[in-house]
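> Quick one: the structure is below, and I'll ask about it shortly.
Values quoted throughout were computed directly from the atomic coordinates according to the rules given, and no laboratory measurement underlies them. Not measured: the values here are computed from a predicted model. Note: ideal-geometry Cβ built from the backbone for every residue, glycine included; neighbour counts use all protein chains shown.
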Amino acid sequence: MHKTVSAFLVFAAMVLPAHAQDYPFQGFATDITMNTLHSTMLNATIQSSLDDAASAPAAPVDPNLTVYTATPDVSARAQEQFIAFVEETSGTLGADAVRKQFAKRSPVESWAELVATDGLRPGDAADAIAGYWALNWIIANRAHEETFPVAPIAEQVRASLAADGQWAGLADAQKQEISEVLMMNFLLQQAVYSDALMTGNMEMMGALSQAAVTRFQNDMGVDLRAIVPSSSGFVSR
């Protein structure tokens, strides 16, 4: 993945520092959205492949499995839920700022610009999940100087979802919601980490790093500091 520093820091200014350290969106969008993601990532092949991905090539997976057709209604609902959560954690001013930013440019468009050089695109849940995992790995390990391909991680994610019966039963709207929730989380996390990096705030970087580790350990049973990206996706160190 390319370096996370960018000029897109608008989200960093919308969240109070105390909330940013806690990653306020880590508990956002439970129910089918995050529960499906967590169960597939933990119980399907991405967890077991951490030990064998380097030596065993993944079986071909239908690339259309994770593709979805987006609709404005789903985007609007996800954004309003996100804004409501901002208001709950950061107050009315923060929520108003997010709403104005979304009116200027959709979070999907903002996300797409940040990850375009990594080959990730809207409309594919595997890309959204891979970008989220890659960014959190960077934050957890303070690996902002490292570059690595994200495409193998997306393929690893796709194989994981193919192995899970729940994913095949999801409608496009559910796939879209999962993807856009992760895109919005990505935008916040990327912006706050980039801001800490650019201002030299080592304390904030440390807090964000530990928050990423704790979130993935608690939610998915994955130690982000025990894995590394490779040409086969994430593998054990």
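> Any chance you could run the full-extension gain for E109 through S231? It's 0.36 nm times the residue separation minus the Cα-Cα distance, nm to one decimal.
Taking E109 through S231 to full extension adds about 41.2 nm, to one decimal.
> Let me ask something additional. At a Förster distance of 22 Å, what's the computed FRET efficiency of A84 paired with A173, Cβ-Cβ distance as r, to 0.05? Intermediate results must be reported in sequence, preceding the final value.
Details: r = 19 Å, r/R0 = 0.86.
Plugging the Cβ-Cβ distance into 1/(1 + (r/R0)^6) gives 0.70.
> Would you kindly derive the ³J(HN,Hα) couplings of region 161-173 from the backbone phi angles with the Karplus curve 6.51 cos²θ - 1.76 cosθ + 1.60 (θ = phi - 60°), listing them in order in whole Hz, with x for Gly and Pro?
Here the 3J(HN,Hα) series is 5, 5, 7, 10, x, 5, 4, 4, x, 6, 7, 4, 4 Hz.
> Can you work out ³J(HN,Hα) from phi for every residue in region 221-237, in order, using Karplus 6.51 cos²θ - 1.76 cosθ + 1.60 and θ = phi - 60°, giving whole Hz and x for Gly and Pro?
Listing the rounded values in order: x, 10, 8, 5, 8, 9, 10, 9, x, 9, 5, 10, x, 6, 9, 5, 5 Hz.
> Given R₀ = 30 Å, what would the calculated FRET efficiency be for A151 paired with L93, taking r from the Cβ atoms and rounding to 0.05?
0.15
> Please label the shape of region 95-208 as rounded, prolate or oblate, based on the square roots a ≥ b ≥ c of the eigenvalues of the alpha-carbon gyration tensor (a/c under 1.5 means rounded; beyond that, a/b larger than b/c means prolate, else oblate).
oblate
> Largest first, please: the extent of the C-alpha atoms of region 92-141 along each principal axis, to the nearest Å.
32, 26, 17
> Counting pairs of alpha carbon atoms under 8 Å apart in space and at least six apart in sequence, what relative contact order in percent does region 65-179 give?
41
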